[in-house]
Structure formats: C-alpha cells, structure tokens
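Derivation of every value follows stated rules applied to the coordinates shown; laboratory data play no part. Fair warning: this is a prediction, and the values are worked out from it, not measured in the lab. Every residue, glycine among them, receives a Cβ derived from its backbone with ideal geometry; neighbour counts consider all protein chains shown.
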Amino acid sequence: MNIHIKNGRLIDPKNGIDTVSDLYIVRGKVASLGAIPAGFQDCRVIDAAGLIVCPGLVDLSARLREPGLEYKATLESELKAAVAGGVTSLACPPDTDPPLDEPGLVEMLKHRTKSLDQVHVYPVGALTQKLKGERLTEMAELRDAGCVAFSHADAPLANLHVLMQAMQYASTFGFSVWLRPQEVSLANNGVAHAGEIATRLGLPPIPVCAETIALSNIILLTRETGVKVHLCRISSAEGVAMVRAAKQQGLPITCDIAINHVHLTEMDIGFFDTNCHLVPPLRNLHDRDALCGGLIDGTIDAICSDHAPVDDDAKLLPFGQTEAGATGLELLLSLTFKWATTMNIPLIKALNTVTLAPARVLGIDGGHLTPGAPADICIFDPEEYWKVTASTIQSQGKNTPFLGRELPGRVKFTLTDGNIVYES
C-alpha cells in the first residue's frame, strides 16, 4: 500500500529533522520526505495536521510471556499492546518457561510473531542452560535461530568464572551480552531500596552496593574480554557515575533504564502499593535525578518499558510476597513525552532514547525515517491526554504504578513495514 502522510510534524533524530512536512511510503519503505516521488499514486492519505510523525519506538525489554507463561499474557495481547503504544520493534528477554536456551524455542517464537505480522520481535537468548548459571548455551546456534544478543535476564549468575567464560565466548563471535547488575547475595531477596521508606514499612532492603559491586565486576570483565556489553536497567546515581567512567575509558558498553525509574522514587510505594514492586527497586530522589542527568548527557543510551505483565492475583499479596513487574509497552511513549515536556528536553532528543538509540543497541536498521528505510512509524497527538485504566490498557497485565493517571500523547496510528497495524 502506498501511503501519503501529510501536514505532520516530522521528527527524525538520526537526520536531525524536526519540521512540518509530508512523508511518502511506497512498498513498505520510506520513499520521500517533502517532495512527491515520481509516479506516486495514493492508496491511503493520512492527514497528520497537529500530530507528530516519528520513527516507531524500539523497546529493549518487553516480556511477552510466551512460551509457558500464557496465564500472565499472550503474544496476541502483548503485540496488540505494543502497536497501541507506537512500538514497532522490541527485544524479549529469555526468562520464559522454558527459557530461550534452545534454537527450536527461538524459531517457534519467531514463527509465531511473524504470523501475527504486527511488530518486529528480536529474541534475546539465554547465556546459560535453563538460566541456572552453570553451563553455557550454544550461542552460535541460538544466533542462527534469530537471537540478537544473550542475557541472564533477572536470574542470578553468581559464578564469575562462568560469566567470564560466557563473555569470552561471546567476544570471540562478536555477540553482545546484556546484563542487569545485581549481586544476589547482597540483594538477599529484598524488595525495596535500602532507605527510610523500606525501614518505615518494614520491607527487606536492596542496597545500592548490590548494583555497584556487580557493575564493578562486569566492567572489569568487559575490560578483560573485550566483549560488547549492554547494561540493563541501571537504577542508582553511583551506577550512572561508574558507567560514565567506563565509557570515558573507551569500553564497549551501552546501558538503558526503565521508564518507571525516570518518573518514580521509593516515595511512590506509599502505603504498600504493590504496583511499585519493581526490579530493580525504585530508589531515592537523588538517584532518579542522576538517571535523568545520565539520559541528558548521553551516559545512558536508551529508555525501555521493562514491560512485565503480571496476573492480578500475584499483586494482591502483601508487598514483600508479590511478584515484581509492571506493564509498560503502552506507556513508554507517553511517559517519555511527559519527561521531555516536564524537563524542557527537546523532543527530538527525548525521542532518540526510544527510537534510534535502542535500535543501535539492537544492531538493527530502525529508529529513523531515512528514505529507503523500513516504514516503521508512530503518529501521535501531543495535545491529547488519555487515562490509564484497566479498560484502556490493551495488555493482559493491568499492573502499573500509573493506574488512574492521565498522560499526554495519544497514539493515533502505528505502521510496521508500511502497513497500518494500529489506528485509534
């Protein structure tokens, strides 16, 4: 289908474009910005007057819960949520049931997502078999099956010898290793930031040093092995400072943070709001401000939704016994836009953190509107607010700290490979 998107405010971080112009799509590709391509005939015209036209969002952490955890969510529900949030590409962690540690499981997931034909899904393979931290997976075979990187998700990998072996193997073949820094013995089944709130509420704490000690080990092993490392969901000011120093030393490190941590702190737990039971935990105001500062100066590369749908019953227990996680695919754009407007961040810079920058981490040709690029596009209304409720969220998981709040930025259209996959 040829599509003419007219009168929209085009924002493309890669090419430095922020202007009102037309965009033309031919055979699933961006054909032209501004000028009409030769021989172009409209099949569909979208009037985007007053709307923002940007690359489709790229999410670095979205748990789709298949295979094995369909009682929490299904591919159908979560990909529907993705396009409703303007997300056209996403990476899914390997902590399914069973984990993504065999080529057959990865191929099955790729086949299922391709048949739904809505979102580009990039599986992240397991570093060790069954995520037990003992024996390495066949990374080369998993890469051939479609894995873009290798991770241990949130499963502990306490044996540094095994981690170094995995990093050496990945470095040999040019694979990327994604790690969430947390020293499991220091986290010690904690559920909240080690501070005044956890003490007052009597919640088991997770100190910042659980992140920084693990981060120190990862940085040292990165220097030793030369592997490309992506740090998932940094949460502390000290962690940001360590990443900044590592990058200044020229180490091949990138990192992301979760969108919840851009807006929330430990104070938002209130009186045991279980929707604020997240991994890593919400930390204090100083940490949150440092995360935002890291985004602004480029220390932190990308923002992810950290989408983790949880069934309702798992959030109805006492705080310390609930399952951690929050739905986020449909909130990523609105919360990024809210952060940009609140902090007076240029929108082109803010959108870079959820489009081009994560696409570069994934190593894919996405997150931009260059002619010839796949027409993965999000069109949203910056002036329209929407209320986050169980009925407005498409995801099967309704758990989010933002329930009941009104957020700016309503997605009107989402296009993947030039196909309109969502229209509000």
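Here are some notes:
- From the alpha carbon centroid of region 349-414 to that of region 124-155 is 28 Å.
- All other residues whose Cβ lies under 11 angstrom from that of V411 are scored, Lys and Arg at +1 and Asp and Glu at -1, for a net of -2.
- The GluC sites (Glu not before Pro) of region 53-145 meeting both criteria, a DSSP state outside H, G, I, E and B (loop) and at most 11 other C-beta atoms within 10 angstrom of the site's C-beta, are E134.
- Quotient of the Cα radius of gyration of region 286-424 and 2.2 N^0.38 Å, N being its number of residues: 1.14.
- Between helix 209-225 and the chain: long-axis angle, C-alpha atoms, 0 to 90°, nearest 10: 70
- In sequence order, region 411-419 has phi-based couplings of 5, 9, 9, 10, 10, 10, 6, x, 9 Hz under the Karplus curve 6.51 cos²θ - 1.76 cosθ + 1.60, θ = phi - 60°, and Gly or Pro positions carry x.
- Trypsin sites (Lys or Arg not before Pro) lying in DSSP loop within region 18-94, provided at most 10 other Cβ fall within 10 Å: R27
- Computed over region 17-160: relative contact order in percent, which uses C-alpha pairs under 8 Å that are six or more apart: 18
- Note on the chain: GNM, Cα springs under 10 Å; of A357, A140, A192, the largest mean-square fluctuation is that of A140.
- Within a Gaussian network of the chain (alpha carbon springs, distance under 10 Å), most fluctuating of G174, G146, G239: G174
- Here r is the Cβ-Cβ distance between C43 and E423 and R0 is 22 Å; the resulting FRET efficiency, rounded to 0.05, is 0.90.
- For chymotrypsin sites (Phe, Trp or Tyr not before Pro), the sites in region 1-93 that DSSP calls loop and that have at most 12 other Cβ atoms within 10 Å are Y71.
- Note on the chain: GNM, Cα springs under 10 Å; of M139, M108, M167, the largest mean-square fluctuation is that of M108.
- Each Lys or Arg adds one and each Asp or Glu subtracts one; over the other residues with Cβ under 11 Å from the Cβ of P374, this totals -1.
- Counting all C-alpha pairs of the chain, share separated by more than 42 Å (%): 9
- Across the chain, C-alpha contacts under 8 Å between residues 6 or more apart give a mean separation that, scaled by the residue count, equals a relative contact order of 20 percent.
- Straightening the chain between Q129 and D268 buys 46.3 nm, computed as 0.36 nm per residue apart minus the Cα-Cα spacing.
- Shape analysis of region 136-224 based on the Cα gyration tensor places the equivalent ellipsoid semi-axes at 31, 14, 9 Å, largest first.
- For region 15-96, a Kirkwood hydrodynamic radius built from all Cα pairs, placed in the Stokes-Einstein relation at 37 °C and 0.692 mPa s, yields a translational diffusion coefficient of 210 µm²/s.
- The simple spin-label model puts a point 7 Å past each Cα toward its Cβ; for L316 and N7 those points are separated by 4.9 nm.
- Here each label is just a point 7 Å from Cα along the line to Cβ, and for Q249 and T19 those points are 4.4 nm apart.
- Remark: region 18-137 carries a charge dipole of roughly 200 debye about the Cα centre, counting +1 on each Lys and Arg Cβ and -1 on each Asp and Glu Cβ.
- In region 32-90, Cα pairs under 8 Å separated by at least six residues give a relative contact order of 37 percent.
- Over 25 Å apart at the Cα level, from the set K110/K387; K80/K338; K132/K398; K29/K80, are K110/K387; K132/K398.
- Residues of type aspartates and glutamates that K114 reaches as a straight line, Cα spacing below 12 Å, ignoring anything fewer than 8 places off in the same chain: E76
- Working from label points 7 Å from Cα in the Cα-to-Cβ sense, the I213 to Q168 distance is 2.5 nm.
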